[in-house]
1. Which residue is farthest from the ligand (Cβ to nearest atom), if the candidates are limited to region 81-97 and must be outside any helix (DSSP H, G or I) and open to solvent by less than 10 Å² (accessible area, probe 1.4 Å)?
2. What are the pairs with Cβ atoms under 7 angstrom where one residue, in region 1-13, is open to solvent by 10 Å² or more (accessible area, probe 1.4 Å) and the other, located anywhere, is modelled with pLDDT of 95 or more and within 16 Å of the ligand (Cβ to nearest atom)? Sequence gap at least six, or different chains.
3. Determine whether Thr63 is closer than 23 Å to Phe145 by Cα and among the polar types (S, T, N, Q).
4. How about region 99-120: which of its residues are open to solvent by less than 10 Å² (accessible area, probe 1.4 Å) and at negative phi?
5. Which residue out of Asp24, Asp41, Asp46 is closer than 29 Å to Lys180 by Cα, within 16 Å of the ligand (Cβ to nearest atom), in contact (Cβ under 8 Å) with a residue 24 or more places away in the chain and not hydrophobic (A, V, I, L, M, F, W, C)?
6. Given the conditions (1) under 28 Å from Val311 (Cα atoms); (2) in contact with a helix residue (DSSP H, G or I) (Cβ under 8 Å, 6 or more places away or on another chain); (3) modelled with pLDDT of 95 or more; (4) of a type in the set (A, V, I, L, M, F, W, C), report the number of the one that Ala205 does not fulfil.
7. If we keep just the residues of region 170-197 that are open to solvent by less than 10 Å² (accessible area, probe 1.4 Å), in a loop (DSSP other than H, G, I, E, B) and within 13 Å of the ligand (Cβ to nearest atom), which is nearest to Ile228 (Cα to Cα)?
8. Out of (1) farther than 22 Å from Asp96 by Cβ; (2) in contact with a Ser or Thr (Cβ under 6 Å, 6 or more places away or on another chain); (3) open to solvent by 10 Å² or more (accessible area, probe 1.4 Å), what's the single condition that is false for Ala223?
Amino acid sequence: MKILTVLGARPQFIKAAAFSRALDQIDNIEEIIIHTGQHYDQNMSDIFFEEMNIPKPKYLLQTGGKTHGAMTGQQLEQIENIFLNEKPDLVLVYGDTNSTLAGALAAAKLHIPVAHIEAGLRSFNKRMPEEINRILTDQLSDYLFVPSLLAKKNLVNEGVSSDKIFIVGDIMCDVSLYYKEKMVKPKWFDDLKLDKFILCTIHRAENTDDINKLTAIFKGLGAAKKDIILPLHPRTVNKIKEYNLNIAKNIYIVEPVGYLEMVWLEANTDLIVTDSGGVQKEAYFHGKYCITLREETEWIELVDQGFNTLVGCDSDLIEQSLNKNYNSNLYAGIYGHGDTSNKIINIMVQYEN
Ligand code: UDP
């Protein structure tokens, strides 16, 4: 079986690290990777391929740094050409980026089966570009690999036939468990001389692209009594400059880190504050409480079961929630036990051979 995998952004590289390693163990499956170049910096792309041993992409496109329409359109055209030449048996896409949608759409038009890993997640907020990508990709997919029963219900409610939906757990759980053994303390950490710290990430367009929201978030973070380490996404760095935001002294902004360092920070922090989808779950996998800088989340099980609080970008709520103490929790298996990749491969092999 020949699988063409379309990757483009950081969270997809991380998911691919688990899945491509599992695929590599199986005879008679050839995986070819297309990297759309949606994320292209050394610390947003290359470092993950290097330190996580992700197979080198055969195709490297240059579609990053454009508006949504231009990026998706260019990806669609270029990916279609590759599919026509390579003639894959199956196309694999992850998550919810423009690259996910372009890969699924190009494949569906050529009648190539599409497998979507991390299907069925919904924020029910169509102002998020990711939500549009998720809904459309799921409609185009033939194999919908979902992390939970709730994700399956979302798809059934949108008319997706349940025989295409497979509950397999969350592939990020595979990644977190595997790399916990290999985590690395960032070189700069000791120089900060911090006793305790809160780990924070901010990158979601709905927060960064609104000056009032981003200002309120930094006001709330600045009012925390603890120090905050913030490995900052390039989009947010640019917006801080554009809005001329004042950053309080307890906030240590650093470059985005590689995954091994990220895992170390997650495992050693007191609390995680984020608007990232992946980091919300990693908080849970590492037994840390999570404060989410959004009004809604796709990972609602974590809120319902008491591992996550949604605070939006209300500066008072952010301040209050950061200044509370939280007990660490034990991973209770909501999203599986790290065997998601193997479950997906077994299903693909069973159906496609
Ligand atoms: N991550 C990382 N370095 C960083 C920040 C995040 O390796 O400096 C990882 C994080 O651990 C998670 C993934 O990137 O696995 C999340 O990606 P992102 O927040 O960009 O996207 P989302 O999960 O919201 O789609």
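The values are calculated or read from the model by the stated rules, or taken from the named source; none is laboratory data. Because the structure is predicted, anything quoted here is derived from the model rather than measured. Counting neighbours? That spans all protein chains shown, and the Cβs are built from the backbone with ideal geometry, glycine included. Note: areas computed on protein heavy atoms with side chains; ligands, DNA, RNA excluded. Shrake-Rupley method; radii C 1.70, N 1.55, O 1.52, S 1.80 Å.
1. As a first pass, look at region 81-97 and keep what is outside any helix (DSSP H, G or I): 87-97.
Cutting the leftovers down to open to solvent by less than 10 Å² (accessible area, probe 1.4 Å) gives us 90-95.
Values: Leu90: 23, Val91: 20, Leu92: 17, Val93: 13, Tyr94: 10, Gly95: 6 Å.
Going through the qualifying residues, I end up with Leu90.
2. Arg10/Phe48; Pro11/Gly95; Pro11/Gly278
3. On the way: closer than 23 Å to Phe145 by Cα: no; among the polar types (S, T, N, Q): yes.
No; evaluated as a whole, the condition is false for this residue.
4. Filtering region 99-120 for residues open to solvent by less than 10 Å² (accessible area, probe 1.4 Å) gives 99-100, 102-104, 106-107, 114-117, 119-120.
Passing the criteria: Ser99, Thr100, Ala102, Gly103, Ala104, Ala106, Ala107, Val114, Ala115, His116, Ile117, Ala119.
5. Numbers: Asp24 fails: within 16 Å of the ligand (Cβ to nearest atom); Asp46 fails: in contact (Cβ under 8 Å) with a residue 24 or more places away in the chain.
Matching residue, one of Asp24, Asp41, Asp46: Asp41.
6. (3)
7. If we take residues in region 170-197 being open to solvent by less than 10 Å² (accessible area, probe 1.4 Å), in a loop (DSSP other than H, G, I, E, B) and within 13 Å of the ligand (Cβ to nearest atom), then Pro186 is nearest to Ile228 (Cα to Cα).
8. In the conditions (1) farther than 22 Å from Asp96 by Cβ; (2) in contact with a Ser or Thr (Cβ under 6 Å, 6 or more places away or on another chain); (3) open to solvent by 10 Å² or more (accessible area, probe 1.4 Å), Ala223 misses (2) alone.
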